[in-house]
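Step one of this worksheet: look at the structure below.
Bear in mind that the values in this text are calculations on the coordinates, not laboratory data. Since we're looking at a predicted model, the values are computed, not measured. We place every Cβ from the backbone using ideal geometry, glycine too, and count neighbours over all the protein chains shown.
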Amino acid sequence: MLSTPVPLPNLTRSGETTPTVHSLSPKSSEGSLKKEKINQTIVASKSVEDGLEDIDGGWEGYMETGLPEKGQRKLLRNLRHQILNVYRRLFSVVFLVNLGVLISVAVRGATTDYIGKVVIANIFVSVVIREEHVVNGLFFVFTAVPKSWPLRMRVFTARIYSLGGIHSGSAIAASMWLIYFTVQVSVDLRRHKASIPLAVITYIILAFLIIIISLAAPAWRRVHHDKFEMVHRFLGWTVTGLVWAQVVLLIRDYKDPSVPLHVAMRHSAPFWLVVILTASIASSWTHLRKVKVQSEVLSNHAVRIHYDYSSAIPGTFSRVSYSPLTEWHSFATISIPGQKGFDHIISRVGDWTSKTIANPPEEIWVRGVLIVGIMNVVPLFNRVVVVATGSVFANKTAIKLLWTSRNIRKTYGDRLVDSIMMAAPDAIVYDTDAHGKPDMVKLVHHVYKEFNAEAVCIISNQPLTQKVVYGLMARGVPAFGAIWDS
């Protein structure tokens with residue numbers, strides 16, 4: 001059981017199973033751990049050569065444990081847990097509500113001014129739902145429910161990390177309404193009700209939104225993430241500026257002729273929505289700064305970077321960059337009790353991380369406030385199995401850690417590994433170099449049953465996370481993991 005923040009490295013590495021945290025059985029956690037196992041943990045820091053053997057273990061026999069059959073029929077199971085996961089359900093609700101209203105409006109008819117307001121409202125929701133303070137506030141509310149609530153309700157509130165579905169649903173809905181608005185403006189243009197500048201700006205905004213949405217398709221975004229990020233940022237800023245012009249022109253073209261423009265703007269809901277969404281976009285960049293850091297190369301696969309400009313709440317992540325206008329990378333924060341600041345453990349997974357390991361930085365750009373992430377759902381449950389590669393903490397929550405990785409001491413260094421083992425002496429370590437890749441679904445399910453846990457939380461690479469989460473949820477186990485929606 002952990003009652004303090006536990007630092008865990010960001011261990012995901014290209015092409016391998018992520019370090020996992022395995023739990024011991026409830027009996028072990030209650031003090032019946034065999035003396036030999038205790039000695040193994042105590043001796044864990046002897047040396048790089050013999051330390052791995054000392055901490056490797058605790059997972060033996062899991063292959064002999066039966067794995068329950070998946071529940072429900074395959075079609076229904078896949079529909080529920082994959083095709084219509086929580087993210088897509090939120091997307092569908094937002095989109096279908098908008099579609100229903102649009103059909104109703106198209107049948108009954110509506111003014112161009114009204115349609116423009118709906119466009120702005122959807123853009124507003126799409127932008128603001130991603131703002132850091134809004135995200136942190138929603139997480140705080142949804143994860144504040146007491147543990148006395150039924151498990152089903154706590155599992156429901158824990159899905160708050162899927163709120164990106166509202167962002168994408170509103171963006172698609174805004175584009176749908178904008179198409180309708182463009183048609184109406186074109187008709188009004190021929191009737192001399194709308195101005196040419198309003199029509200031209202509307203056409204440009206629609207074209208840019210279609211480009212942004214097209215390049216945000218998951219398949220393209222995964223392969224070309226840096227390009228997606230740049231297009232999303234620069235075209236997004238451009239669209240924001242054009243929306244300002246569009247709103248002013250919309251108010252001017254459709255206001256009562258007897259009302260001055262500045263008065264009409266002051267009483268216009270779209271005007272104030274654009275003010276707020278612009279402030280939302282700018283808020284993150286008001287925290288842009290270049291900070292000094294202390295870097296420690298742990299191996300040719302990992303580097304530890306220490307920041308002292310701010311303290312971090314366990315379960316948060318921050319964004320860093322060498323070129324703030326072109327790319328940003330997010331990493332979990334690791335807080336050490338009693339020490340100022342926080343750390344990032346950066347593992348080799350691509351060009352940017354390889355560059356960082358080869359040339360450890362002395363300064364780096366940071367932006368925005370620290371944002372809460374998937375690990376913040378952990379305190380909702382009484383007992384949790386954590387399969388993690390980021391920072392982990394437990395606030396009055398019993399946690400079991402499962403860590404699978406290649407030769408952790410050689411990769412991450414004695415000091416880091418020892419700090420983890422001291423904080424989580426009952427963690428189960430699985431060395432993939434010595435034993436090969438495990439059946440992760442079976443292994444995690446075994447630990448879940450042994451520990452009598454309420455839920456499982458995994459932070460790993462995308463393929464493994466999706467495989468384990470689906471494999472557990474299909475068997476009725478509440479499981480949570482990152483969803484890679486940005």
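What chymotrypsin sites (Phe, Trp or Tyr not before Pro) does segment 273-317 have in DSSP loop regions with at most 13 other beta carbons within 10 Å? Walk me through the numbers before you get to the answer.
Numbers: sites: Trp285, Tyr307, Tyr309, Phe317; in loops: Tyr309.
In loop regions of segment 273-317 (DSSP not H, G, I, E or B), the sparsely surrounded chymotrypsin sites (Phe, Trp or Tyr not before Pro) are Tyr309.
In segment 168-206, what trypsin sites (Lys or Arg not before Pro) fall in a loop by DSSP, with at most 16 other Cβ atoms inside 10 Å? Spell out each step's value before the answer.
On the way: sites: Arg190, Arg191, Lys193; in loops: Arg191, Lys193.
Taking segment 168-206 and a limit of 16 other Cβ atoms within 10 Å, the loop trypsin sites (Lys or Arg not before Pro) found are Arg191, Lys193.
Does segment 76-285 come out rounded, prolate or oblate, given a ≥ b ≥ c as the square roots of the eigenvalues of its C-alpha gyration tensor, rounded meaning a/c under 1.5 and, failing that, prolate meaning a/b above b/c?
Details: a/c = 1.82, a/b = 1.76, b/c = 1.04.
Since a/c reaches 1.5 and a/b is larger than b/c, the shape of segment 76-285 is classed as prolate.
Between Phe208 and Ala106, what is the FRET efficiency for a Förster distance of 35 Å, r being their Cβ-Cβ separation, to the nearest 0.05? Working shown, then result.
On the way: r = 24 Å, r/R0 = 0.69.
E between Phe208 and Ala106, to the nearest 0.05, is 0.90.
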### Task
Provide Asp188, Asp343, Asp433 in ascending order of the number of other Cβ atoms located within 10 Å of each residue's Cβ, fewest first.
Asp433, Asp188, Asp343
### Query
Where the only charges are on Cβ atoms (+1 Lys, Arg; -1 Asp, Glu), what is the dipole of the chain about its Cα centre, to the nearest 20 debye?
1520
### Task
Have a look at the DSSP beta bridges in the chain and tell me what percent are antiparallel, nearest 5.
65
### Given Lys410/Lys442; Lys400/Lys442; Lys442/Lys467; Lys340/Lys400, the pairs whose alpha carbons are separated by over 18 Å
Lys410/Lys442; Lys340/Lys400
### Task
State, to one decimal in nm, how far the label point of Arg73 lies from the label point of His287, with both points 7 Å from Cα in the Cβ direction.
4.9
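Normalise the Cα radius of gyration of segment 328-486 by 2.2 N^0.38 Å (N = residues in it) and let me know the number.
Details: Rg = 16.2 Å, N = 159, 2.2 N^0.38 = 15.1 Å.
Cα Rg divided by the expected 2.2 N^0.38 Å: 1.07.
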### Query
Out of Gly169, Pro360, Val456, whose Cα points farthest toward the positive end of the dipole of the chain (charges: +1 Lys, Arg; -1 Asp, Glu; placed on Cβ)?
Gly169
#### Entry: Exposure proxy ranking, count of Cβ atoms within 10 Å, fewest first, for Leu235, Leu370
Leu235, Leu370
### Summary
the chain: spread of alpha-carbon positions along the three principal axes, whole Å, largest first, is 87, 54, 37
### Message
Within 10 Å, at most 10 other Cβ atoms, and a DSSP state outside H, G, I, E, B define an exposed site. Report the longest part of the chain free of exposed GluC sites (Glu not before Pro).
### Response
70-361
### Query
Placing +1 at every Lys and Arg Cβ and -1 at every Asp and Glu Cβ, with all other atoms neutral, what dipole size does segment 76-285 have around its Cα centre, in debye to the nearest 20?
760
### Message
Could you tell me the center-to-center distance, by alpha carbons, between segment 391-469 and segment 221-240 in angstrom?
### Response
34
## Note on the structure
Packing-ranked peptide list from 398-411, 163-176, 434-447, highest mean Cβ count within 10 angstrom first, is 398-411, 163-176, 434-447
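What FRET efficiency comes out for Trp149 versus Asn300 if R0 is 60 angstrom and r is the Cβ-Cβ distance? Round to the nearest 0.05.
Details: r = 47 Å, r/R0 = 0.79.
With R0 = 60 Å, the Cβ-Cβ based efficiency is 0.80.
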### Message
Explain nothing, just compute: Karplus ³J(HN,Hα) = 6.51 cos²θ - 1.76 cosθ + 1.60, θ = phi - 60°, for every residue of segment 421-434 in order, whole Hz, x for Gly and Pro.
### Response
5, 5, 6, 10, x, 9, 5, 9, 10, 10, 8, 6, 5, 7
